Amino acid sequence: MNFDFSPEQKAFAEQLRRALQKASPLREARACLEGSSRYSEPIWRELSELGALGAAVPEAFGGSGLSSFELCVVAHEIGRALAPVPFVSSIGLCAQALMRFGSDAQKQRWIPGLAAGRLIGTAACAEGKGELTPERLQTELRAGQLHGRKLSVLDGLSADLAIVVAKDPAKEPVLCLVDLHAPGVVRRPVESVDPSRPLAELVFSGVAAEPLGRVGEGWEAFDDLLKRAAVLIAFEQLGGAERALEMARDYALQRHSFGRAIGGHQAIKHKLANVFTRNEVARVHAYWAAWALATDAGELTLAAASARVAATDAFAFAAQENLQVHGGIGYTWESDCQLLYRRARLYALVIGSQFAWKEKIVRALETANAA
Amino acid sequence: MDFEDSQEEAAYRAEARGWLEANAAPFARRNAELKADPCARLQVGKAWQALKARAGYASITLPREVGGGGGTPLHEVIYRQEEGRYGLPTDFFGIGLGMCIPTIVHRGTEAQRQRYVTNAIRGETVWCQLFSEPAAGSDLAGLRTRATRGGEGWVIEGQKVWTTVAHLADFGIVLTRTDPTVPKHRGLTMFIVDMKTPGVDVRPIRQLSGETEFNEVFFQAVRVPDENRIGNVGDGWNVALTTLMFERASAGKGLGFAGSPEILRLARQVDLGSGPAIDDQRVRERIADMWINEQALRLLSARALTALSKGEVPGPEQSINKLVEASHGQQAAYIAMDLLGEAGALTHAELGDDWRKIERSWTWGAAMRIAGGSDEILRNIIAERVLGLPGDIRPDKDIAFNQLSG
Ligand SMILES: Cc1cc2nc3c(=O)[nH]c(=O)nc-3n(C[C@H](O)[C@H](O)[C@H](O)COP(=O)(O)OP(=O)(O)OC[C@H]3O[C@@H](n4cnc5c(N)ncnc54)[C@H](O)[C@@H]3O)c2cc1C
């Protein structure tokens, strides 16, 4: 039994942690929040130099040829640092999908840039309120041209390319690959809960696009793309949840009321013990999903959905209770509590909310316990 | 990262599995047949324990010289996983071999080790843990049972309660107060007591579940020789901490609560008015929530095994184990009962033997939120030892026990 990251993977995490600490990620996140930046270019460059972005990309495509385990380690450290970088969109969604469904030509063209951080990718899914379904899909790929509108695309303003969920004229779902610098793309920044990871509306009016993977298998491919991204997002969420607990613990030791540190009051102690419990539940699920992703195990569907649900729950709870422990100062613009509170909410919604992911768990359990 | 046994682990597992296959079935069958007769079941348990001891599968982590298996904690976990598949009568020995005997091995005298350890490992004696009292549970150090010097040894006077298996036990380890004039943690001493000594009176307590596993135990002028003392006079608290450390280590071995297989089966069978319950979104969400905890417990034990496999001590994440598991038992039972609607109020007498597992999750889930450190005490422990938060305010700490009020 070896249900743990390897010593090399842990050393890599340590290296990333030190590098990220030096790069003042909270200041960078605040700059995005204030609207003076869309993501932290210095941190992005640093991650690229450390080989973090292309960790799971084969050397033939300019990556370091390691595994998804290393990618999970990167996501975890980004999450802990709250670094405002387009990792989830560019690597978690775009690069993972290209590696899985791209033709050789498509991989050759895009992957090296993504792995080096020279290009930023994303995926464009939601078109309106509620969950996206094949029936409700409006965006259409017609004769090599894309028409439609995507509502809340993560890093949509910074991205160079996007994987767009669309349908063909026969209403068959298809994933498309779109160069966002092509004529006919209009981008609009949209106001959202966490400007440190900004969203954009993308409008496509006859934009040149090519299918990614086989037409007709578009919805399965979309599902697959989401579950792989979910594993990495879960690691970012887990990192964020740990950070929130640390911040709350530190403040609870330092702030005094009624003659003692507030961390001595049992209501606070038990609150933080509950946060710890949920974090640890999220951790084991995330590790399980990392294993399933790296080994392409049959349990990946269940493990990814479980990791997603547990991590969303843990991060939301930790961020909310961290703010609570801070009292009034926690509700100020100046406090870092808001960075966590905002990130936790945004990440609970990108790639779909708990309603969708809990449903995926039960569907997978039904298959595993076939009648 | 993987979930595979190492070569050595796989070999040990294969050996244990082979041995169990050759030996366990008749004991498991007798155990099931004798469900209603604890005394007869105990005899089967003793025979099983003796057989295990001969094969080196009893008290696996204790040295061979004292009758143990001379193995590692990892071997112990692997064996337990394999043995757990059978439904064997091992429950009588959990407290003795899990807590009392290790305490004697680590804190007792050579004479005590000689006299008590080997025969306990062979199942010849049953032990109980006489710690809790009516006025001292979570606050164990508040106990009032007195031991005073008398004649050659000691005289014990007082009352214990919630003593699991005392009605079947040959011996117990009893925590007593020997000096009420010092603060409460300092005036305690531990003894081995022969449960047949005159003045020991065991009265079974009927539990919420209707079963009788725990007891109250009265001590009236019970004479105990000084050679039965474990550790120094006044050092009982430290000895008790050793016992409790073993209690925590044996927690998390799986309480056998209901989970997704049972709940999915039920949800497919019953109708909530608009078709099978399994298609109802309210039911589905509760199943998903339950699954997160259910699977986390499996993954946590894989983490513990991983640490043991590397020769490390399992990490602080293990402290959440009982906290998650006990509540999971209650949650799973509630879902199962809710699925049946009004019929969910019936028992296995009406619903069939399969339902026992649901009932057990409901009742034993509640018990396990209290036994072996309540949820609240565990949260305190996580907050203080894992997160480094301050201890509670303790008005009792530096005051002589006999000066305390309440
Ligand atoms: C099934 C079962 C088997 C048992 N077997 C044994 C046995 O074999 N031997 C033995 O010695 N004992 C045994 N016990 C006793 C068990 O250890 C105690 O019940 C337990 O320690 C709680 O003590 P109490 O019952 O006195 O509750 P109390 O300590 O009175 O607690 C009552 C409530 O107050 C809460 N509370 C207490 N102190 C604090 C605090 N500081 N902060 C916050 N909340 C607090 C508790 O969490 C609980 O909710 C068993 C109990 C059960 C249920």
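The values are calculated or read from the model by the stated rules, or taken from the named source; none is laboratory data. None of these values were measured; they are calculated from a predicted model. Ideal geometry is used to build each Cβ from the backbone, glycine not excepted, and the neighbour counts take in all protein chains shown. Note: areas computed on protein heavy atoms with side chains; ligands, DNA, RNA excluded. Shrake-Rupley method; radii C 1.70, N 1.55, O 1.52, S 1.80 Å.
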| Considering segment B:229-325, what Rg and Dmax in Å follow from its alpha-carbon atoms? | 20.2, 69
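To the nearest whole number, what is the average tally of beta carbon atoms from other chains within 10 Å of the beta carbons of peptide B:293-300? Each step should come with its number before you reach the end.
Numbers: counts 3, 0, 10, 11, 2, 2, 12, 5.
Taking all residues of B:293-300 together, the mean is 6.
Can you give the average number of partner chain beta-carbon atoms within 10 Å of each beta-carbon in peptide A:353-359, as a whole number?
Details: counts 0, 3, 3, 0, 1, 9, 4.
Taking the mean over all residues of the peptide, I get 3.
Could you work out the Kirkwood radius for segment B:2-120, taking every pair of different alpha carbons, averaging 1/r and inverting it, reported in Å? Walk me through the numbers on the way to the answer.
On the way: mean 1/r = 0.0660 Å⁻¹.
Final number for the Kirkwood radius of segment B:2-120 is 15.2 Å.
Based on the alpha-carbon gyration tensor of segment A:224-304 and its eigenvalue square roots a ≥ b ≥ c, which shape applies: rounded if a/c is under 1.5, prolate if not and a/b is larger than b/c, or oblate? List each step's numbers first, then the result.
On the way: a/c = 4.94, a/b = 3.35, b/c = 1.48.
Taking the square roots of the gyration eigenvalues as a ≥ b ≥ c, segment A:224-304 is prolate.
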| Charge dipole of segment A:121-214 about the Cα centre (unit charges at C-beta), most positive-ward option of A:193, A:209, A:123 | A:209
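How would you rank B:102-113, A:68-79, A:126-137, highest first, on the average number of other Cβ atoms within 10 Å across their residues? Kindly include the intermediate steps, with their values, before the conclusion.
Details: B:102-113: 17.9, A:68-79: 26.2, A:126-137: 12.8.
Peptide ranking by packing, descending: A:68-79, B:102-113, A:126-137.
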| query | Over what distance in Å are the Cα centres of segment A:285-312 and segment B:143-196 separated? | reply | 51
| field | Cut-off under 5 Å, modelled amide H: who pairs with residue B:69 long-range | value | B:60, B:61, B:62
| query | GNM, chain A, Cα, under 10 Å: largest mean-square fluctuation among A:286, A:182, A:55? | reply | A:182
| remark: Expressed in angstrom and rounded, the centroid-to-centroid distance over alpha carbons for segment A:332-360 and segment B:19-47 is 53
| query | Highest GNM mean-square fluctuation, chain A, Cα pairs closer than 10 Å: which of A:80, A:118, A:30? | reply | A:118
| query | What shape does segment B:138-231 have by the C-alpha gyration tensor, where a ≥ b ≥ c are the square roots of the eigenvalues, rounded means a/c under 1.5, and otherwise prolate means a/b greater than b/c and oblate the rest? | reply | oblate
| query | Rounded to the nearest 500 deg cm²/dmol, what is the calculated helix-only ellipticity per residue at 222 nm for the protein assembly as shown, with -39500 (n - 2.57) per DSSP H run of length n ≥ 4? | reply | -15000 deg cm²/dmol
| Using the Cβ atoms and a cut-off under 14 Å, what net charge is assigned to the surroundings of residue B:170, where Lys and Arg are +1 and Asp and Glu are -1? | +2
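Which value results for Rg/Rh of segment B:247-391 when Rg is the Cα radius of gyration and Rh the Kirkwood radius based on the inverse mean 1/r? Intermediate results must be reported in sequence, preceding the final value.
Values: Rg = 17.4 Å, Rh = 16.6 Å.
Checking Rg against Rh, the ratio lands at 1.05.
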| remark: So, over other residues within a Cβ distance under 15 Å of residue A:12, counting Lys, Arg +1 and Asp, Glu -1, the net charge is -3
| said: Tell me the carbon and sulfur percent of the accessible area for chain B, rounded to whole percent, probe radius 1.4 Å. | reply: 51
| said: Springs between alpha-carbon pairs under 10 angstrom, Gaussian network model over chain B: which of B:189, B:347, B:242 fluctuates most? | reply: B:347
| request: Calculate, for chain A, the solvent-accessible area per residue in square angstrom, rolling a 1.4 angstrom probe over the heavy atoms of the protein chains. | output: 38
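Under Stokes-Einstein, with the Kirkwood radius over Cα pairs standing in for Rh, what whole-number D in µm²/s applies to chain A at 10 °C and 1.306 mPa s? Working shown, then result.
On the way: Rh = 20.9 Å.
Here the translational diffusion coefficient equals 76 µm²/s.
Around residue A:189, under 10 Å between beta carbons, what's the net of Lys plus Arg minus Asp minus Glu among the other residues?
Numbers: positive: A:38, A:187, A:188; negative: A:191, A:201.
The answer is +1.
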| To the nearest 100 Å², how much accessible surface do chains A and B hide from each other in total, with a 1.4 Å probe? | 4300
| How large is the charge dipole for chain B, taken about the Cα centre, if only the Cβ atoms of Lys, Arg (+1) and Asp, Glu (-1) carry charge, to the nearest 20 debye? | 840
| message | Considering just Cα atoms, how many Å³ per residue does the convex hull of the protein assembly as shown enclose? | response | 177
| query | Using mean Cβ contacts within 10 Å as the protection proxy, how do A:319-332, B:322-335, A:3-16 order, highest first? | reply | B:322-335, A:319-332, A:3-16
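Which value, in Å², gives the accessible area per residue of chain B when a 1.4 Å probe is used on the protein heavy atoms? Display every interim value, and only then the final one.
Values: 18800 Å² over 406 residues.
The answer is 46 Å² per residue.
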| Shape call for segment A:7-116 from the C-alpha gyration tensor, a ≥ b ≥ c root eigenvalues: rounded (a/c under 1.5), prolate (a/b greater than b/c) or oblate? | oblate
